[in-house]
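S.K.: Supplied in structure tokens, the structure appears directly below.
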Amino acid sequence: MIGVVTLDEFIIQRQEEFQYAKGELSRLLRDIGLAAKIVNREVNKAGLVDILGTTGTTNVQGEDVKKLDVFANKRFIAALKLGGECCGIASEENEDLIIIQDEISKDAKYVVALDPLDGSSNIDVNVSVGTIFSIYRRVSSSGPCTLEDFLQKGSEQAAAGYIVYGSSTMLVYTTGFGVNGFTLDPSIGEFCLSHPDMCIPKAGKIYSINQGNFISFTEGVKEYVRYCKQEDKATNRPYSLRYIGSLVADVHRNLISGGIFIYPATKDAPRGKLRMLYECNPMSFIAEQAGGRATDGFRRILDIEQKELHQRTPIFIGSEEMVLKAEEFMKKYSS
Ligand code: AHM
Ligand code: MG
């Protein structure tokens, strides 16, 4: 189409950025784009068909599984299996690795970690949800993939991205050469480049945290929240509080408008709630590539050792100056 760059065209154009690449990563990204369109179709008609509500089961984290989570999980797994470029998948919805053993995939170079439908408590109430993905080059040489292929630091990611199913549907991804965003044009069924070279403002006016948990925050987080609410013209405070409860939507908004998102340790979740592998690492890779910052309050998220598949971490992510300021409070009051 004249004047429009679709996701597939863009991925092909950018392929030369990867030394020695033969197109596998590009194909993998396109497989994810296709699955995203199918999931988008179901999310959009969620109110029309009997796929709302829970399945009556819980996932490995002990949370209710919504029907659309199951659908999205199946759809992404099917697309990755069929595509043949991925030898294993780790998903929020599956306790164990999915090892893809068939002839085309078993020696593939990449593994994918995935939160197929994040923010699922928002599905029934027509609020934005998202998909998060993270791609690693395998470290095992060939044959069935191993746990080690997934237990790499976030800094080793080959690519990462998210899809936000919102008032419009967007796919945002990075391969380590900046961040680009694509909006789904439903009339042609294609993701079109709408947000080239996304850059997060160095500072913003929005803080995003579940303040209902305030009494169980550590002193550093409490002090930072108090700081956000103080009046100070020079630093644009008080900041506005915006909390959607969908990581993808909250981080996406801050990426565009500037802001900080925090999911800290709480009494109920002493290591934080969000998972490193398929929530924090990919969102942190994107934030950094857009010029932002992501830490656990003390350490860069992408440098934290990944010891288990479903490991959790506190996260402070967003505009660089805001995250640095929050870290100051953590160091002073919470270390
Ligand atoms: P989920 O993967 O079960 O959907 O949970 C992750 C979501 C994030 O999208 C969001 O930031 C967070 O949970 C909200 O949690 P809370 O309701 O505790 O504030
Ligand atoms: Mg999630």
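S.K.: Given the conditions (1) in contact with a strand residue (DSSP E or B) (Cβ under 6 Å, 6 or more places away or on another chain); (2) open to solvent by 20 Å² or more (accessible area, probe 1.4 Å), and given that E103 satisfies all but one, which numbered condition is not satisfied?
M.R.: Status for E103: all satisfied but (1).
S.K.: Pull up the stretch 291-335, narrow it to residues that are under 28 Å from L97 (Cα atoms) and of a type in the set (K, R), then point me to the one that is least open to solvent (accessible area, probe 1.4 Å).
M.R.: Once the filter is applied, the top-ranked residue is R312.
S.K.: Name the one entry in P270, P264 that is more than 16 Å from ligand 2 (Cβ to nearest atom), open to solvent by 10 Å² or more (accessible area, probe 1.4 Å) and over 14 Å from the mean Cα position of the chain (by Cα).
M.R.: Going through P270, P264 in turn, just one is more than 16 Å from ligand 2 (Cβ to nearest atom), open to solvent by 10 Å² or more (accessible area, probe 1.4 Å) and over 14 Å from the mean Cα position of the chain (by Cα): P270.
S.K.: A further question follows. Looking at G119, G154, G181, can you tell me which residue is within 26 Å of A287 (Cβ to Cβ), within 16 Å of ligand 1 (Cβ to nearest atom), touching a Ser or Thr at 6+ places or on another chain (Cβ under 8 Å) and not hydrophobic (A, V, I, L, M, F, W, C)?
M.R.: Numbers: G154 fails: within 16 Å of ligand 1 (Cβ to nearest atom); G181 fails: within 16 Å of ligand 1 (Cβ to nearest atom).
Answer to the check: G119.
S.K.: Select from the stretch 121-142 the residues that are more than 14 Å from ligand 2 (Cβ to nearest atom) and surrounded by 14 or more Cβ atoms within 10 Å (Cβ to Cβ) and write down the one among them that is modelled with the lowest pLDDT.
M.R.: Step one: of the stretch 121-142, the residues more than 14 Å from ligand 2 (Cβ to nearest atom) are 124-127, 135-142.
Those still in the list that are surrounded by 14 or more Cβ atoms within 10 Å (Cβ to Cβ) too: 124, 127, 135-140.
Numbers: D124: 80, V127: 91, I135: 97, Y136: 97, R137: 96, R138: 96, V139: 96, S140: 94.
The residue in question is D124.
S.K.: Something else: If a residue has to be open to solvent by 40 Å² or more (accessible area, probe 1.4 Å) and either basic (K, R) or within 13 Å of the chain's Cα centre (by Cα) (or both) to count, how many in the stretch 143-190 make the cut?
M.R.: Residues meeting the conditions: 1.
S.K.: Still on this model: Out of the residues in the stretch 263-310 meeting the condition of being small (G, A, S) and assigned to a loop (DSSP other than H, G, I, E, B), tell me which one is nearest to F133 (Cα to Cα).
M.R.: Our first condition is that a residue be small (G, A, S); within the stretch 263-310, this holds for 265, 269, 272, 284, 287, 290-292, 294, 297.
Remaining after also requiring assigned to a loop (DSSP other than H, G, I, E, B): 265, 269, 272, 290-292, 297.
Values: A265: 23, A269: 23, G272: 20, A290: 17, G291: 20, G292: 19, G297: 23 Å.
Filtering the stretch 263-310 for residues that are small (G, A, S) and assigned to a loop (DSSP other than H, G, I, E, B), the one nearest to F133 (Cα to Cα) comes out as A290.
S.K.: May I ask you to list the residues in the stretch 219-249 that are modelled with pLDDT of 95 or more, part of a loop (DSSP other than H, G, I, E, B), away from ligand 1 (no atom under 16 Å from the Cβ) and open to solvent by 50 Å² or more (accessible area, probe 1.4 Å)?
M.R.: Q230, E231, P238
S.K.: What number of residues within the stretch 277-289 satisfy the criterion of being away from ligand 1 (no atom under 13 Å from the Cβ) and under 18 Å from G119 (Cα atoms)?
M.R.: 2
S.K.: Limited to the stretch 99-120, what total is found for residues that are within 16 Å of ligand 2 (Cβ to nearest atom) and outside any loop (DSSP other than H, G, I, E, B)?
M.R.: First pass over the stretch 99-120, keeping only residues within 16 Å of ligand 2 (Cβ to nearest atom): 112-120.
Checking the rest, the ones that are also outside any loop (DSSP other than H, G, I, E, B) come to 112-118, 120.
Summing the residues that are within 16 Å of ligand 2 (Cβ to nearest atom) and outside any loop (DSSP other than H, G, I, E, B) in the stretch 99-120 gives 8.
S.K.: Then there is this: Considering each residue of the stretch 191-218, count those that are open to solvent by 30 Å² or more (accessible area, probe 1.4 Å) and part of a loop (DSSP other than H, G, I, E, B), and give that number.
M.R.: 9
S.K.: How many residues are assigned to a helix (DSSP H, G or I), more than 16 Å from ligand 2 (Cβ to nearest atom) and within 23 Å of M330 (Cα to Cα) if we restrict to the stretch 250-261?
M.R.: Residues flagged as assigned to a helix (DSSP H, G or I), more than 16 Å from ligand 2 (Cβ to nearest atom) and within 23 Å of M330 (Cα to Cα) within the stretch 250-261 amount to 2.
The values are calculated or read from the model by the stated rules, or taken from the named source; none is laboratory data. Everything quoted here is computed from the prediction, not taken from an experiment. Methodologically, a virtual Cβ is constructed for each residue, glycine included, from the backbone with ideal geometry; neighbour enumeration extends over all protein chains shown. The accessibility values were calculated without ligands, DNA or RNA, using every heavy atom of the protein model including side chains. Shrake-Rupley method; radii C 1.70, N 1.55, O 1.52, S 1.80 Å.
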